[in-house]
Structure formats: C-alpha cells, structure tokens
1. If we only count strands (runs of 3 or more DSSP E) wholly inside the stretch 162-209, which ones have 3 or more residues that are touching a residue at least 12 places away in the same chain (Cβ under 8 Å), among the polar types (S, T, N, Q) and under 18 Å from residue 496 (Cα atoms)?
2. For the stretch 395-414, does any single residue satisfy the condition of being over 26 Å from the mean Cα position of the chain (by Cα) and closer than 28 Å to residue 488 by Cα?
3. Of the residues that make up the stretch 356-363, is at least one within 24 Å of the chain's Cα centre (by Cα), assigned to a helix (DSSP H, G or I) and crowded, with 20+ Cβ neighbours inside 10 Å?
4. Can you say whether residue 244 is β-branched (Val, Ile, Thr), in contact with a Lys or Arg (Cβ under 7 Å, 6 or more places away or on another chain) and either within 24 Å of residue 534 (Cβ to Cβ) or surrounded by fewer than 17 Cβ atoms within 10 Å (Cβ to Cβ) (or both), as far as the supplied structure shows?
5. Got a sec? Which of 179, 146 is at pLDDT below 95 and loosely packed, with under 14 Cβ neighbours inside 10 Å?
6. For the stretch 67-84, give me each residue that is of a type outside the set (Lys, Arg) and more than 24 Å from residue 551 (Cβ to Cβ).
7. Out of all the residues in the stretch 117-135, which are of a type in the set (D, E, K, R) and either at pLDDT below 95 or under 20 Å from the mean Cα position of the chain (by Cα) (or both)?
8. Scan the stretch 416-449 residue by residue and report those that are buried (at least 22 other Cβ atoms within 10 Å of the Cβ) and under 26 Å from residue 303 (Cα atoms).
Amino acid sequence: MSKNDRQHPLVEKMREQLADGRCGRREFLRNVTLLGVAAPAAYAMAGSILGKSLVPAALAQEGAKKGGTLRVAMQVQKMDDPATYSWIQMSNQTRHVAEYLTLTDAENITHPLLAESWEPNDDLTEWTFKLRQGVKWHNGDDFVADHVKWNVERWLDPALGSSNAGLSTFSAMVEDSDDTKKMIDGAVEVVDPHTIVFKLSKPVLSVPEDLYNYPTMILHPSFKPPFSDNPVGTGAYTLAELQVGQVCKLKRATQTTDGKPFTYWGDEPYLDEIHYYHFDADNQLTAFASGDVDTIYEFSIEQLPLAEALPGQVLEVRTAQTLCCRMQVDKPPFDDLRVRQAIVKACDNAAMPALVFQGRGDIGENHHVAPVHPEYYQLPKLERDVEGAKKLLEEAGKAGLEVTIDIGNTDGPWHQAVAEIMRDQLKDAGIRLNINVMPASKYWEIWTQTPFGGTAWTHRPLGTQVLSLAYRTGGAWNESHYDNPKFNEALDKAEAEVDVEKRRELMQPVEKILQDDAVMVQPIWRPVFTIINDTVQDYVAHPTEVHQFNKVWLSA
C-alpha cells in the first residue's frame, strides 16, 4: 500500500462502518481506495467483512478475442487543449491516447492508472503519489514525476483558464496575489523520478477522483495546441486521422514517433482500432439501426421505443447529470434574493420526471447534490408555493416580472421541454418567461455571460466536486457568480471528512445554504441511454459517458 505498508488510520473506521451496516459496499470501496488501499485489497477486505467473494465489475470474461474495429457514433470535435476541454466527446477522442493518473470506473471506484499508488497523511493535506515505472511516451521518453509537475503548474496558470483550477485539490494549491491566483510555492514536490507529493492548504478527500476529471489528462511537456497536430501520450492508441465533423480514427500504438517499437505499459487492449463517426445526437440511433456503427454516445428519451425495438442491448444508467436553470446573482433582476426565491417557489420540480423522462430520473432539489452521490443529505421535500412567490414579487416591487432564459439544447430537446414547463408554471405566479432557443455551439459561447441560462452539467462521482467548480467563490466555472463565504466554509468542512455519516451531516448546511439562496431551478437528474450491438462484449456504460474501451472486445 505504501513504502512502509502503513494503513491510513481512517481505513479501520471504514471497516467498522461496513461491518455495522452504516455504509454500503460501494461507499466502502470508494473511500478506502481513495485512502490508498489498492483496489484488489479493498475488494478482498470488503469480501471478508461481508462474508462473500467480491470482484471488480468490469473484468473481461473468458474467451475474449483480440482484433477488430469498434465503430462509434458520436459528435467528432476538435482536439485542441485537453486542459481546457469542456465536452466529454473531446475527452473520449483523446483519452485512449493521453491518460490520467487515476481512473474512476462506472461503480464510482477510483483505481490507479499512471499512478501506481497513493497515500494521504493523517489529516488529508499531503498526498504522496507513486508513479508507474516503465511507462513510455509515444515519442520514446520515459514518464517521470517532473512531467506531472509540469501539467499541474500549467493547469494553475491563470493565463490558461483551465477548469482544473476550480477543483478542490487544485484550489487548495493556489493563493491570491495581486488580484490573481497563483500556485503556492512548494505545493508540488518531486521527491524522485517516480514519486510526487501534493501539498494542500486544507484537507481534501477527493484528490484521486479530481485527477480523473476529464480535463486532467497528463500531457508531455512538449505539448503545444492543438493536441491533434502532435498527439503524444502514454495510451494504448494513437491518433490516425481527425476530420472535425466527420471522423476520428484511433489505432493501436506500435511505434514511437521516430519509428522505434512501442510497447504499451498496461494490459494489452483487445481492439485494433476505434473509429468515431460524426453523428449529431438525433441521428446516432439511426446510424446504429442501419448497421453503420456498433454503439453510440447516447440517445434521447424520445427515441427509447425505437431503441428497444432494435436488435442489441439498451443500457440505461442512473446519473448525476442535470440541467441547471441558473441565475446570475449579481445581475438585475436576479440580484434581488426575493426575485430568485419567487422563481424557485413557482416551479414544481416534482412534476418534471413524468413530463420529461417518462417517470425516469431523480427530482432535482436546487442544490446540485444528487441522490447517487455518496454524501447526499436528504433535505425536506420541496413544495411549490405560488402564493408565496406572488408575495415575494410584490415585496420586491416586481409584480408582473418578465425574464428571458437562454436554452441551447446542448444535451437534447429535453432542455427546451423543461423551459416550456417552467414557463407554464411561472405564469401562475404572474411571471412571464421568454425562451430564447439557440444552437448548442452558440450557447457554449455565452453560457458564462447570460444572466439566465439553462446549462447542462455532467456527472461527477462526488457532489463536492461540482460544488467546488460551480459555486465556490471565484470557481473556474462559477457561471452564477455566486459568492457566499458561509457556503465556502461549509463545503471545506464536508470535503475534509471521510466518515460517511458525519460527511452526510456536514453536507446538510452546504445543500441548505445553496437551496435557500435560490441560485437555480434544477429540475431533474437525468438518466442516460446508449445501445450496443450483440458483437460488443464487456462494455460497461459510465454515468459520465466517458469511454473506457481497453477491456472491450468484439465477438465477431
């Protein structure tokens, strides 16, 4: 587990909680692996406590065959700078070429990848990562700790504007200086070529999980954007062809960039090639039905009956993906708390699943922590209060309020459907909601500027991760301009607690502060759907829709 085989003292506490039934199997596995217990040891530990054998969910079955090309329908996007990616699709094209220090699987369990192991100190403020030896870059260089340090320093350069700077791990490595944020001297220490230490200004439990946030790919220090022009990574595949809006082809990496033999450091993948073919969301299922592809990125709820009628296997995943109809709290009329509260009170989130997702999904509670998150604390059920909304508007002098929401349908037409339902609900309180529907690409150009916008947020394994990105003062993606020191302080406390029950209790004020401040109408946590044909084996759909294909194989 560590150079001294020292078990973190909090591991024993987690063992007791699992034995007493105070935490579940997944919570146990997730927490003890974050604390530095290797995944096989964690599964064995859980199995001995529960009295049954446990194995990771995504092990390849016997009879797996090598070879073949997996064809995937997905939007094919540019591959510019992975540290500034804002689309999962971009990362899917890249993650087979460039890799991460860690990997979070579909069960929310985080495993080592380029890191061989990690060990936090007792108060979670110092994390020592051991890196794998024998890893080669595609240009033939050895992968070493200095390369990781270069990446972190780059992420924390304000001139880059990477969202990584807003993650809890990396926000604890910066300090304010002359109205800007800069990396704290000594926050990253290279001990030797394969050991690196992250020194944080506050306790953070989610360090390994933050290192699998999709823009945290580890790049070679020779990198210059766009990545597609010089795709040097450590992965099993290399970029063979990219035509944005048409096709992205990846093939097994067998040679370095100067023509020498290349051997991938990990288990040899089964697939020879991975091809992404450009289809917009509405047409991906049609491409599957015609036999042009073996699987797709996703299909919409409206297409579910068609998908269920096709040969193949439909995969549905419960997620923390959501739509936040958020208001910028420093822009009129939303700078008046009473106005925001009136809008929230007039909406009925509980009606959304039936109207939008055929009863699927979870009801949103306007605080951006999902029931699937391990630290979720269940607050009292929200109740619609139209009369209360009217009263607040009268007090604010805003009776007859008219506002406009920008909608980009970036995850599909269900965004517009939500806005239209909100429009009808708000009408009961005397609020007129205009809906400005724009192309998805145009919405992403203005999503941080619009006073009222419907923004899609992807799944993250912890609620605290997205809260830090989206609502912490000065966060990289704080689109609502929310600024509440009490919220920041409460979030800090929750992030530092590993005890499952205590952490949930600490999340109560975090969720309640954000809910009471009425930053957003967050109507639903959506399920995601994909489909595979009968030849695709050992593919596990991920709630973030990231593609982990190294164990996928084709039966014919």
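The values are calculated or read from the model by the stated rules, or taken from the named source; none is laboratory data. These figures come from a predicted structure and were not determined experimentally. All Cβ positions, even for glycine, are placed from backbone atoms using ideal geometry, and neighbour counts span all protein chains on display.
1. Working: elements: 174-177, 180-183, 188-192, 195-199.
Counting at least 3 such residues, we get no strands (runs of 3 or more DSSP E) at all.
2. So the first thing to find is which residues in the stretch 395-414 are over 26 Å from the mean Cα position of the chain (by Cα), and the list is 395-404.
Right, trim to closer than 28 Å to residue 488 by Cα and you get 396.
Among the residues of the stretch 395-414, at least one is over 26 Å from the mean Cα position of the chain (by Cα) and closer than 28 Å to residue 488 by Cα, which makes the answer yes.
3. Taking every residue of the stretch 356-363 in turn, at least one turns out to be within 24 Å of the chain's Cα centre (by Cα), assigned to a helix (DSSP H, G or I) and crowded, with 20+ Cβ neighbours inside 10 Å.
4. Working: β-branched (Val, Ile, Thr): yes; in contact with a Lys or Arg (Cβ under 7 Å, 6 or more places away or on another chain): yes; either within 24 Å of residue 534 (Cβ to Cβ) or surrounded by fewer than 17 Cβ atoms within 10 Å (Cβ to Cβ) (or both): yes.
Yes: the conditions hold for residue 244.
5. Working: 146 fails: at pLDDT below 95.
After ruling out the rest, the residue left standing is 179.
6. Across the stretch 67-84, the qualifying residues are 75, 77, 80, 81, 83, 84.
7. Quick first cut of the stretch 117-135, residues of a type in the set (D, E, K, R) only: 119, 122-123, 126, 130, 132.
Those that are of a type in the set (D, E, K, R) and either at pLDDT below 95 or under 20 Å from the mean Cα position of the chain (by Cα) (or both): 119, 122, 123.
8. Across the stretch 416-449, the qualifying residues are 418, 419, 422, 443.
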